[in-house]
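Read the figures in this text as sums done on the coordinates, not as results from a lab. Fair warning: this is a prediction, and the values are worked out from it, not measured in the lab. Neighbour counts run over all protein chains shown; Cβ positions are idealised from the backbone, glycine included.
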Amino acid sequence: MGSFIARRLLSALFVLFSLTFITFMVGHLAPGDPILILMGPHQDPTTYARLRHEYGLDKPLWAQYLSYIWGLLHGDLGLSYRYEGRSVWDLIKSGVPVSFRVGGLGLVLGLMIGIPLGVIAAIKHNSVVDRSIVFLTLAFYAVPSFVLIPIAWEIIRFMNSAGLPTLPVAGWGTWQHYVLPVVILAAANIGYITRLTRNSMLEVLTQDYVRTARSKGLPRRLVIWRHAFRNAMLPLVTVIGPSVAFLITGAFVVENLLNVPGIAFLTVQSIQQRDYAVIQGTTILLGVAVVIMNLLTDMAYMILDPRIRVS
Amino acid sequence: MHRRKFLGLSLKTSALLALAACGKSSTATPTTGISITGPTATPNPSQPPSSPSPSPTTVPSASPTVSVVSTPIATQVSGAATPSVLGVLRWANTGISEPSSIDPANPKDAQSILIINLVFSGLVKLNEKLEVVPDAAESWKVSKDGTVYTFKLRTGLKYADGSECTAEDFAYAINRALTPTTQSFAAPFQLQDILGAKDVASGKAKEAKGVRVIDKQTLEITLERPIAYFLDLMTFPYSFAAPRKLVESGKDWTNKAFGTGPFRIKEWKHNQSMTLEPNPYYWQGKPQINIQMPFIQNSETAYQLYQTGQLDITGGGQDGIPAQEIPNVKGKPDYKEVPALAVRYIGFNNKLKPFDDVHVRRAFAFATDRNTLAEKVLGGTVHATDRILPQGIPGSDLPVKGLEYDPDKAKQELKLAGIDPSSINVTLAYGQEGDNERVVEALQSMWQTNLGVKVNLQPMELGTFSKNLDVTRENPTKGLQFYLSIWGADYPDPQNFLSQQLQTESPNNNGHWSNKKFDELTEKADIMSASSQFKERLRLYNQAEQIAINEVGWLPLYNPLVTALIRPSVKGLVLTGQGIMAPDWSKVTV
């Protein structure tokens, strides 16, 4: 297992390096100049040249890239062009816990509802219950959050005008503000997790060892939860790992429409502004998170499934 | 002169920064800087238009502020016995997740400028009619040649911490904004006309020669050349006073910023909101409210928060009320709209056939049904106009006669041109953004139906469109035939629309329209700096505008709208094309 991890770490390093390179080049080669954007339509050439120099944008791209990597190796993500005097890390660090908490709760809620629903659907295979569950969860999964949110808003506004207790439609600060984003995020997760659990359970339930367990007279409940369910969870692990990584960068639509001050909130604006340093910062953050979570997923897999360890 | 790209929406400086900032929603609401006092919210103290003072040089404070000016500051501070619990005005700052920088020397978007205008103040400001009125300076004099401005500061002017603010502070502010280490993106341009400003901006000097402190209360600013809109430039944040001690206290000094404006920052929760509390020493009197200002990325979100009672104000800036919600609120008492200080127009290449002929241009103008365009095609989300100056720019209250929709006249004009309509085959270029597609299709059908000509449409990516305008300017025979464009005010002055856009030699005159009389009138008006000449100056611009309309220098179509929702219980605020303003912050209540 040691050499396996070492190999994975090495390749992770390569992935991250490529990531910085591609992000850097795509960012800098895309049309749009952060200095021009910040100067507005008044392109006073002297000021423009001076600012480009001060931000190091007049150097050749490779030199800019090298100095960026140099900073990165020293844990310096650089300075934002737009937010005066604030480092990228300073901007990112307040958003990470917010995105993580909202996304994490959304995932946990999704698991708490999705797994039981999936198991029930599998057990009641092809019944009305199964079909209703599949239909509903598929609907949740298929409807994007930018459609779910306005629907939720309409409901809240209706309740509001009817004088019923309601939730805030957007914002941040109190526990009530968590409800809407978490539920919206959970909705998509529920759809996905339910279907995955159901399919995986169905497959496992036809396996010989399940039949054996049943035929030796074990109670149904025990067969399902101890024998089938455990093995059916394996594919879920693969899914949850990377999902956790994406929690950190947040859910773009949800954070922007519901005004949740997470990472996505910041990223969208940075892209519009060509705030290269921040875009790179958030991309690398995501890259690191994905690499780490994939590694952890692989390790979890090995622990859960001895067959993988052998191969 | 600078060369400007006016693509999407150009706007006034502040706005323009913002605009630039907002890659996304270019069309709907141009950020245009400045504009109009709308027939909106609070009744302004109804004053007659500021009359020129009898003495040629002294500027009497224009209209509504006069009474305030004469009130000694002392009484106001002592009179600040306020109710112990202040009302809270919940005001959405929309289109951002966090203001870029509220350092007045270096704001980068309109949302930051909104805050800067609440916390800091300059020598002069714009009133709700977008006229320049006294702020920290109670009066000023302009030399005969229009190059020396002498500002007299208010006695007892104080920062929100009670410390004194003197002429020295304003000199420091200007020099600091220009200094390279401040890294201001726009100050070197905005303040470039001050004598010696360029030396400071290039690092050759520490202080601009043209900025002189005469005594504690007197600041003299000398310009390189007379520019009649100089005071308009001084209403922008770049010259606003900020306490030196605070500024030099560290990079994050803006977190607790205060100045000589009506409010000071109480708390700034980054990426979330800001709380502003009254400045007890504000010269106009201590405000009676606190402001709670959440930063809201999406204007639809802000709208929903307003509708569920979580906000008192939303809109008023470049991200106004979402267009799809306007039908739901139009006509309600809390919905306000005013035309923005921007015009969408058709420009003609006067060096190419057939638009080198004034009769052809007039034919197209008469064949354009702007009301149908504004009301039917764009569903009332814009304000139809047949003149160049947007409503609200000084001088826009002087009447002009537009070329109103008249298909018969249109055909007559084509006859006068002696051109067979069926031989006209022209191509209209436009940038692909917002509603442009719908606009050009409607125009195409109007012109084809009313004139019997053939009109082709040529969509272009915005950057390409901008480049083509440059080509049209540099090399007209290779340029566009005619095009749909937009211009937004940099500052609320007719010069910005007429002289800068249509004078023969102006670098912004992409269509090469040229009229001798127009040039004479505008060149004369451009240097009339003395306030006593203001009316005459506007009259000259008015004559010039009429010429440009008759000869179709531009074919104006419509002004975008600035929209806002303001709870009717909030008193004392006015929506202008420049955003939401209070004639007197001490009288604003919730």
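Quick notes on this one:
- Inter-chain neighbour count for B:296-307: the average number of beta-carbon atoms from partner chains within 10 Å of each residue's beta-carbon is 6.
- Note on the protein assembly as shown: semi-axes of the ellipsoid equivalent to its C-alpha gyration tensor, largest first and rounded to whole Å, are 54, 34, 28.
- Cα long-axis angle, helix A:263-273 against chain A (0 to 90 degrees, to the nearest 10): 40
- Built amide H within the under 5 Å cut-off of B:A241, gap 5+: B:S121
- When peptides B:227-235, A:256-264 are sorted by average Cβ neighbour count within 10 Å, with the highest value leading, the order is A:256-264, B:227-235.
- The GluC sites (Glu not before Pro) of segment B:473-556 meeting both criteria, a DSSP state outside H, G, I, E and B (loop) and at most 16 other C-beta atoms within 10 angstrom of the site's C-beta, are B:E505.
- Per DSSP, loop trypsin sites (Lys or Arg not before Pro) in segment B:256-365 with at most 15 further Cβ within 10 Å: B:K330
- Loop sites here are trypsin sites (Lys or Arg not before Pro) outside DSSP states H, G, I, E and B with no more than 15 other Cβ atoms within 10 Å. The longest part of chain A free of them is A:1-123.
- Cα centroid separation - segment B:527-590 against segment B:205-262, whole Å: 25
- Average other protein chain Cβ within 10 Å of Cβ, residues A:256-268: 5
- Sites B:T589 and A:D90, calculated FRET efficiency, Cβ-Cβ separation with R0 35 Å, nearest 0.05: 0.40
- The distance linking segment A:278-304 with segment B:331-409 is 57 Å (Cα centroid to Cα centroid, whole angstrom).
- Sorted fewest first by neighbouring Cβ atoms within 10 angstrom, B:T94, B:T314, A:T283, B:T381 come out as A:T283, B:T381, B:T94, B:T314.
- Estimated translational D of segment A:1-74 in µm²/s (Stokes, Kirkwood radius over Cα pairs; 4 °C; 1.567 mPa s): 88
- Over segment B:278-388 - Rg/Rh using Cα atoms and the Kirkwood inverse-distance radius: 1.16
- Centroid-to-centroid separation of segment B:412-447 and segment B:120-155 [C-alpha atoms, Å]: 46
- Label positions at A:S3 and B:S445, each projected 7 Å from the Cα along the C-beta direction, are separated by 7.4 nm.
- Relative contact order for chain A: 26 percent, from Cα pairs under 8 Å spaced at least 6 residues apart, divided by residue count.
- Placing a label point 7 Å from the Cα of A:Y178 along the Cα-to-Cβ line, the residues of segment A:154-168 whose backbone N sits under 17 Å from it are A:167-168.
- At full extension, A:V15 and A:W70 could sit 18.1 nm farther apart than now, given 0.36 nm per residue minus the alpha carbon distance.
- Test item: B:98-109 mean partner chain Cβ contacts at 10 Å: 4
- Counting beta carbons within 10 Å around each of B:W91, B:W283 and listing the fewest first gives the order B:W91, B:W283.
- Rg to Rh quotient for chain A, alpha carbon positions, Kirkwood Rh: 1.07
- For A:L10, B:L403, order by how many other beta-carbon atoms lie within 10 Å, fewest first: A:L10, B:L403
- Sparse-neighbour loop sites [trypsin sites (Lys or Arg not before Pro); segment B:166-211; at most 16 other C-beta within 10 Å; DSSP]: B:K204, B:K206, B:K209
- Model label zone, A:A300; criterion: amide N under 18 Å from point 7 Å along Cα-to-beta-carbon; scope segment A:1-37: A:5
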